[in-house]
1. Roughly how many whole Å is it from the C-alpha centroid of the range B:516-558 to that of the range B:455-486?
2. Any idea what angle helix B:504-525 forms with the longest principal axis of chain B, computed on alpha-carbon atoms, 0 to 90 degrees, nearest 10?
3. Given the -39500 (n - 2.57) contribution per DSSP H run of 4+ residues, what per-residue ellipticity at 222 nm results for the protein assembly as shown, rounded to the nearest 500 deg cm²/dmol?
4. Need one value for B:31-40: mean number of C-beta atoms belonging to other chains within 10 Å of its residues' C-beta atoms.
5. Output the 0 to 90 degree angle, nearest 10, between the alpha-carbon long axis of helix B:285-306 and the longest principal axis computed from the alpha carbons of chain B.
6. When only alpha-carbon atoms are used, what values of Rg and Dmax, in angstrom, describe the protein assembly as shown?
7. How many angstrom lie between the Cα centre of the range A:73-103 and the Cα centre of the range B:358-389?
8. According to a simple spin-label model (label point 7 Å from Cα along Cα-to-Cβ), what is the distance in nm between B:Val180 and C:Leu138?
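Read-outs: derived from the displayed coordinates by stated rules, not from any lab. As the structure is a prediction and not an experimental result, all values here were calculated from the model. Please note: Cβ atoms are built from the backbone with ideal geometry, for glycine as well, and neighbour counts cover all protein chains shown.
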Amino acid sequence: MNLDVPISWYLLLSALLFSLGVVGFLIKRNLITIFMSIELMLNAVNLSFVAFASQWHEVKGQIFVFFVMVVAAAEAAVGLAIIIAVFRARATLAVDRIDRMKL
Amino acid sequence: MNGLLWLIPLLPLAGFLLNGILGRRLSNLLVTTIALAASLGSFVTVLLCANGFSGGKLATLPLTAVAPQPWIALGALHVDFALVLDQLSLTMLLVVTGVGFLIHIYSVGYMHGDSGYARYFSYLNLFLFFMTTLVLAGNILVMFVGWEGVGLASYLLIGFWFQRKSAADAGKKAFLVNRVGDFGFLIGIFLLLANFGTLGFSEISAKLAASPAQSPILTGGVLTAICICLLIGAAGKSAQLPLYIWLPDAMEGPTPVSALIHAATMVTAGVYMIARTHFLFDRAPVALAAVAIVGAATAIFAATIGLAQNDIKRVLAYSTISQLGYMFLACGVAAYSAAIFHLVTHAFFKALLFLAAGSVIHSLGGEQDMRKMGGLWKKIPVTFWTMTIAVFTIAGFPPLAAFFSKDAILYAAFVQGPGGKLLWFVGLVTALLTSLYMFRLWYMTFLGKARSPEVHPHESPWTMLAPLIVLALLSIGGGWIGIERFTAFLTPVVGAHQQASASPHLELILSGAAVAVALLGWLIAHLFYCESSSRPAQLAAALPTGYKLLANKYFVDEIYGAAIVRPLLAISKYFLGWVVDFAILGGAAWLLAGIANFAGMILQRWQSGNLRSYAAWLAAAAAALLLFVLLAGWPQSLNLSLLHAEPFYNITVLHFGARP
Amino acid sequence: MHLVLFFLFAGFCLAGAVNLLVQSHPINSALSLIVVMVSLAVLYLLLGAEFLAIAQIIVYAGAVMVLFTFVVMLLNDGREELTYGSHVARSVGFPAVVAIFAVIATVILRAEGLGYAHLGAGLNAAQGLGTAKDNSNLVVLSQVLFHELLLPFEVTSVLILIAILGAVALAHSEGAERTVEK
């Protein structure tokens, strides 16, 4: 049996992953884990792009994924550096404790 | 020659500016020179213009001078700076600038040593500027500028010694009461503008003359309304009932000011204005009757009050009000030239009376109460003789000036019909009272025993005496021009109203009656006041309520205070002060601040620093946005198969709303 | 074949994602995320994006996630307690998530014109890029990237440079101890 997979299934998977990422953002306490949920969201969107690129045989979708990856990598680097700085200032990674809006 | 007209108001204006700005640093001599030069220059210019018209050149009047740029050119409204010199304004100007100049000279002596010397003369010149503007005005708006300006000058001069509370209050009172009259004047101007579309005197007169006498719009209601409004304005300025209350209080100012402004010139502006706009009044007989009634009532009212006053200047103030009533009476019976004639003679003798009174006060070192005067006739002879001439003039003895003018008025009233006879009778009684209180003043002030012997009166300096002598001469000879020639002179301006004298016998009878009452008044005054008898006191004791009523000026000030002033103050304080200012306006401001504060307090809770709540709100906003985009474009626009044909950069945008 | 592979690796994705949420130690969450990424790489392969699949493994799984793991180990904050730090997050956030998923799902399911993914389908059917023989994914992608999108490409390299500088500057210890607040 060689049934092909409808594109909409890929898209649904992408939506599901995205929602899971948002949920993770909302319920997690550790700052790094929250950041990882953001990465999950980005990946979900990447999947959606690649699916559309395959649907219409457009290479531009894949190029966009390329750029997303680049930006996500840069963002991860800077974000983790910030988390390290926050940890140095507050000695905790619990996001509920980092709510004083002054240094 | 037309350009000379501008000099008449502008010279005093220059004097005002110079003395007002630089006066404090200049020596008194320089200040005096500037002020006298300004007023003399104005007078000389008037004489030059008058000279140009003597003889056969009268036909070239009126002179007009219009500024090249219009003042207001706004749609249908067009007003110029226009000055007009015709017979009426020429007469008035001669009085204003001539008597004004004399009073300037007098002031040099009277105000000598006063700390506000320069200020005084600058105000006096300011007054001359505005008064000449008023007289020369070619349209009613320029006249209104002069009108308001003389009110301002009056306020400044009444309250000249402003450190005295009574003087400051008197200035305020004068200005406010004038304002009430000016309000009426303004309404009149608006009505004129609405109905005639123009404000120039000659234009309105021409339009009125062109429209037929039975024009449904311009007879009756509208014209009467306009004239009543103008009458209110004139009553305010000329101190008629019920707006006369400021004039007695205005005696707080220096005596030359009282002479110039509140006797000779400013208060006659109302009469002048009515004469100027006579063409309106002629077509509104109801208004004209109102003028006459107001005038007659004021005349007798003020005369009765003058009987019981003890301040020499107050007596003269009420006398002024009474004489102005005569002028209004004359206008009311359409004898405009008689009114102007009386205006001229009144300027002479009333200015003389005030200046002489000022001389008396000056010589007594500031004493104004007549009960403390007496026996002065030997000590200040020049003052005495000039004042005597003035007293006889105002009483109406021939051949002095007022005899002719008063007679003209009474005669014109008498021949005016049954109502006119009543007015004549009122005028006659007033003449009796006038004679009575003036002679009372004369006796109490100059004759009899000196009631305050510790004061040594000295004669005034020649700067004060010279104008007295000039004015006395004018009072003697001022009426000799005769009413017929005067009427003929003014007819081109005020129109021909006088019927030819019906019978010279009637004139003689009426004149005789007037002289008789004058003598009667002298006799009564002689009986009561000549020897220091106790008859006045006995009479006062016999009629206590009457005396109290008169001595307290019929309590009019108190009535106004209770009926008008106090309610206004209460409204201001309680309603406007508490309700409007504090509650409404303050409340509105407080409300706005409160709303901003409250919103801030609510929104403050959003900025918690809590990352998770931020994230939750972000997700909610994203969901809302998605829903909105979805619902706004669902479902007919959603056709994804189109996308692969779209150009380059739109690959990732779902075009909601694009139709296949 | 396609179907089986899809279900398998989609399942791995979802399992990894759920595991990320469930685990209490961040290192476990990081490892789950690596699983997700590798599965996604396989899914890219199924969709014909070979280059992206490799790039996903090299960049994401091999660099970014390693970075995450390093930071977790460096900071070593231990297990986290699941606390309810924000009422808003529960009351507003979860319905929002549900709404987002519902909207997107609705859009996807109702859309017309979505076809099937074919294994081995090339990219250039409508593009006309590459020769008839050489239409591999890499060739097509690089032709577009280095011809039309050269400027954005160079700009991203500048972006990465800036990111490096920023990360170094932020994480650089200043020597003196900062005030530690609990």
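1. 28
2. 90
3. Details: 37 runs with 622 residues, N = 945.
-22000 deg cm²/dmol, from helical runs alone.
4. Rounded to a whole number, the mean comes out at 0.
5. So the helix axis and the longest Cα principal axis differ by about 60 degrees.
6. Reported Rg and Dmax, both Å: 51.8, 151.
7. 102
8. Distance between label points: 10.7 nm.
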